Amino acid sequence: MRAVRIALFALVLSLPLFFAAGASALDLCEEPHCQPPPGEQNTFYQWEFEAEEGCVPYFFKHINGALPAGLEVTDDGELEGTPTEAGNFDFWVTLNDNGGPHNPACIYKGAESQAHFFLTILPDLAVTTETLPAARPGQPYSVQLQFSNPEAGWPVKWQILEGALPVGLALSETGVISGTPTGAGATKFKVRAAEGFRRYGDRELTLTVSTGLTASSALGAGEVGLRYAGRIPATGGVAPLRWSVAGGALPGRLALDGATGAVRGVPRRAGSFGVTFAVTDAAGQSTTVPANLRIATRLAVTTRGLPSATVGAAYRARLGSRGGIGPKRWRLVTGALPRGVRLDAATGTLIGTPLEAGAFRLTVEARDRLGARSRKTLRLTVTG
């Protein structure tokens, strides 16, 4: 009997240990206070499921229903990721524990628990302003920043997260950049548009305060039939610049490149042309510059014949030309002059005292500053 009593006593002592090794029912909470809070499209989201009873660690799994694209249920009970679509979603999750024969501390596995969850992903609150108009030093400036997907009842406030606005400008809580900038330059900064407690959007912007825009005329003279290349230089302002003809007209066959300010072409008519050019920058600044473009007639040698010369007598005959752009240079192309006579390259004058008689056939050429050339074959007679 004593042995029996000892055995029963040992059994009674072992009962608490037996029940401690058992696992109670699992509970994956799906009450309203356990539902995930709303998330925002394109913004990282993380939330933890609530569970109790059973044996840890817990194991979670998404088994049914639709999760927003970009989100997942992790094994350890996190709902996380970056949702890429907005809307209302509902889905089922299961909970299992670590109980079982493999776990001496919890040899009985808890019954699986399932719960139904509801999640709202709000549309992305994004800063939609991508570029800012340029400002001008000393000129009032005002721009309203824009955002997408406003939610009724939730005001959006703006702030600068990184960087700073140009000196003289400020950003209001309503998203207005305003003020009067004091200096030129390009400034980068990051703005945030945010609701009171959940949605927000960020964007990096650049605001350029331009320097004053100036232009000048660099149009040299041109010549009929020769390719012309001139330009209206401009400095300052905010790129890109645009050029246009604001008054007068260019000679026929010449055109202005609106993107570069270059004037090119092959003029067909001589004359003096008054033209006013306008230059405008991306900030709205504009300036004009008047120019007078002279197109000369084509260079031509006009001398038709040379006066005769006499051996031993001083000789001087000047070659004639019209048109072209000076200075002009002359040269003997073919033939030969009488001994004692030379051609002055700067003036086109045949000068000297001929030392021999004869008929001399020669070809002369005039060349002007623009490279135009004209030739004439002449005959010089020297008598004895």
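Throughout, read-outs are computed from the coordinates displayed, never taken from laboratory work. Given the structure is predicted, the values throughout are model-derived calculations rather than measurements. Don't worry about glycine lacking a Cβ; one is built from the backbone with ideal geometry, like all the others, and counts go over all protein chains shown.
General remarks:
- Each Lys and Arg contributes +1 and each Asp and Glu -1, all at the Cβ; summed about the Cα centre of the range 214-296, the dipole is approximately 320 debye.
- FRET efficiency for the pair Thr349 and Ala282, taken as 1/(1 + (r/R0)^6) with r the Cβ-Cβ distance and R0 = 45 Å, rounds to 0.20.
- Derived scalar couplings ³J(HN,Hα) [the range 176-191; Karplus, 6.51 cos²θ - 1.76 cosθ + 1.60; whole Hz; x for Gly, Pro]: 9, 8, 8, x, 10, x, 10, x, 8, x, 10, 10, 9, 7, 10, 10
- A Gaussian network model of the chain, with springs between Cα atoms under 10 Å, assigns the largest mean-square fluctuation among Arg369, Arg203, Arg294 to Arg369.
- Separation in nanometres of the label points that stand 7 Å from Cα toward Cβ, at Arg329 and Arg294: 2.2
- Furthest towards positive pole of dipole, Thr120, Val289, Ala135, structure part the chain, Cβ charges: Val289
- Gained length - Glu204 relative to Thr84, 0.36 nm times residue gap less alpha-carbon distance: 41.1 nm
- Acute angle (nearest 10 degrees) that the helix 2-20 long axis makes with the longest principal axis of the chain, alpha-carbon atoms: 30
- Relative contact order (%) - the range 248-381, alpha-carbon pairs under 8 angstrom, separation at least six: 20
- Karplus-derived 3J(HN,Hα), 6.51/-1.76/1.60, for each residue of the range 338-344, Hz, glycine and proline x: x, 4, x, 10, 9, 9, 6
- GNM result for the chain, Cα springs below 10 Å: residue of Leu169, Leu241, Leu343 fluctuating most strongly: Leu343
- Furthest towards positive pole of dipole, Leu169, Pro327, Thr182, structure part the chain, Cβ charges: Pro327
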